[in-house]
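Notes to accompany the following structure.
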């Protein structure tokens with residue numbers, strides 16, 4: 001237990017800082033057992049309630065977990081060691097397909113839109129007390145939400161999708177509550193949930209979205225929230241189909257108090273229709289980010305939902321950053337309204353690259369997934385070995401450990417900028433790295 005590391009401190013804050021610092025620098029490893037509270041209190045010469053308060057703080061921060069009589073342990077993926085650290089160092093000369101970025105060649109030029117937005121700001125400066133949402137952005141967003149069948153609701157603007165997800169979760173949940181999330185799923189969300197002191201409940205995913213059976217099991221087991229990626233799921237490329245949406249709505253109708261959060265970051269980069277689940281439960285939120293279509297540095301997402309959820313989010317936002325820059329919002333309005341991004345062209349380019357790689361892998365006997373978006377998920381028997389062999393062959397891909405909990409091993413290949421001439425050499429390298437038979441075949445990836 002703890003090896004040579006000695007926890008220090010006399011106050012709860014000092015004890016928790018001692019443990020959290022050791023977890024952050026790797027001295028305390030994931031899964032390591034912490035001393036029982038009374039034992040540590042005797043060792044430090046403090047009241048057991050002081051240690052209990054320190055452990056409670058660490059649980060709420062997502063650093064440790066407690067399992068009754070089995071004691072407290074460092075979380076397998078503690079919030080202080082983010083999944084983004086599970087990555088490969090890409091040497092010079094290696095083709096990097098690991099980072100999940102959009103193709104810069106498909107992003108719109110920003111200079112003109114920002115110049116026009118700044119000029120408008122010079123004429124009509126935004127001051128304290130002004131509306132936090134640009135009216136033109138609210139109109140554009142609401143019109144497209146209406147067209148896609150998303151229920152009516154207020155519109156807010158956040159600093160990206162993850163900011164919206166955090167604000168909605170905090171608006172409804174408390175430390176210790178359980179959240180059902182996709183597995184494999186977005187690594188940043190898998191970090192965020194425990195960092196908020198919430199518990200992660202994994203839900204399996206296939207090409208058509210989350211498994212209805214897994215969702216029902218999670219909600220029956222007490223999960224208070226469900227997060228679903230509608231299209232371009234990261235890392236598998238899954239997209240919720242019409243049939244799957246009907247099945248999921250049926251499950252959610254059995255648990256109407258569930259907080260439902262939908263992430264549609266694939267908006268304007270996919271050509272599959274949206275099958276929204278919003279409105280099935282009393283509390284819901286729907287998020288659309290500009291990152292993939294217009295550029296990650298815009299840091300802007302549109303959020304809608306039921307009136308209570310949006311009121312809570314906007315109220316807390318007023319007490320923090322206040323609003324997302326109206327200059328940025330005005331620039332997005334100009335880009336959006338002037339058609340700076342052609343969704344059909346972008347979706348076609350990404351789709352061609354995705355399908356090209358999946359087809360080339362299939363011809364070599366390797367199973368791969370990628371129904372939408374810019375990533376391809378390849379199940380593999382051994383992530384570490386496959387990633388290392390691909391690096392040696394000149395290709396960098398993302399290890400699946402960044403995106404999964406209980407799901408089978410895999411690697412994520414970002415194909416957003418993959419050239420036509422690169423498809424066959426890449427497929428050949430992956431097939432050689434994976435070996436005969438490819439990765440494990442499962443109903444859910």
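The values are calculated or read from the model by the stated rules, or taken from the named source; none is laboratory data. Since this is a predicted model, take the numbers as computed values, not measurements. Cβ sites come from the backbone with ideal geometry, for glycine too, and all protein chains shown count toward neighbours.
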Filter region 279-290 down to residues that are buried (at least 23 other Cβ atoms within 10 Å of the Cβ) and either in the same structural domain as residue 415 (by TED's automatic domain parsing) or closer than 22 Å to residue 179 by Cα (or both), then give me how many there are. 6
Please go through region 46-56 and give me each residue that is out of contact with any helix residue (DSSP H, G or I) (no Cβ under 7 Å at 6 or more places or on another chain) and free of Cβ contacts under 8 Å to residues at least 12 places away in the same chain, ordered by number. 49, 56
For region 384-406, indicate whether the set of residues that are without any contact (Cβ under 8 Å) to a residue 40 or more places away in the chain, part of a loop (DSSP other than H, G, I, E, B) and at negative phi is non-empty. no
Go through the residues of region 169-177 one by one and say whether even a single one is surrounded by 18 or more Cβ atoms within 10 Å (Cβ to Cβ), closer than 30 Å to residue 74 by Cβ, in contact with a strand residue (DSSP E or B) (Cβ under 9 Å, 6 or more places away or on another chain) and modelled with pLDDT under 95. yes
Wholly inside region 167-285, strands (runs of 3 or more DSSP E) that include 2 or more residues that are in contact (Cβ under 8 Å) with a residue 60 or more places away in the chain are 199-206, 259-263
Whether any residue in region 135-156 is in a loop (DSSP other than H, G, I, E, B), at positive phi, in the same structural domain as residue 225 (by TED's automatic domain parsing) and surrounded by fewer than 19 Cβ atoms within 10 Å (Cβ to Cβ) is what I want to check. yes
Go through region 410-445 and give me each residue that's modelled with pLDDT of 95 or more and either under 21 Å from the mean Cα position of the chain (by Cα) or assigned to a loop (DSSP other than H, G, I, E, B) (or both). 410, 411, 412, 413, 414, 415, 416, 417, 418, 419
Restricting to region 105-124, count the residues that are in a loop (DSSP other than H, G, I, E, B) and at pLDDT 95 or above. 4
Selected residue (criterion: modelled with the lowest pLDDT) from residues of region 3-31 that are surrounded by 17 or more Cβ atoms within 10 Å (Cβ to Cβ) and part of a loop (DSSP other than H, G, I, E, B): 28
Considering only region 197-242, how many residues are touching a helix residue (DSSP H, G or I) at 6+ places or on another chain (Cβ under 6 Å) and within 27 Å of residue 175 (Cβ to Cβ)? 7
In region 291-319, which residue that is assigned to a loop (DSSP other than H, G, I, E, B) and touching a strand residue (DSSP E or B) at 6+ places or on another chain (Cβ under 7 Å) is surrounded by the fewest Cβ atoms within 10 Å (Cβ to Cβ)? 306
Return the only residue of 351, 322, 356 being surrounded by fewer than 18 Cβ atoms within 10 Å (Cβ to Cβ) and either modelled with pLDDT of 95 or more or closer than 30 Å to residue 420 by Cβ (or both). 322
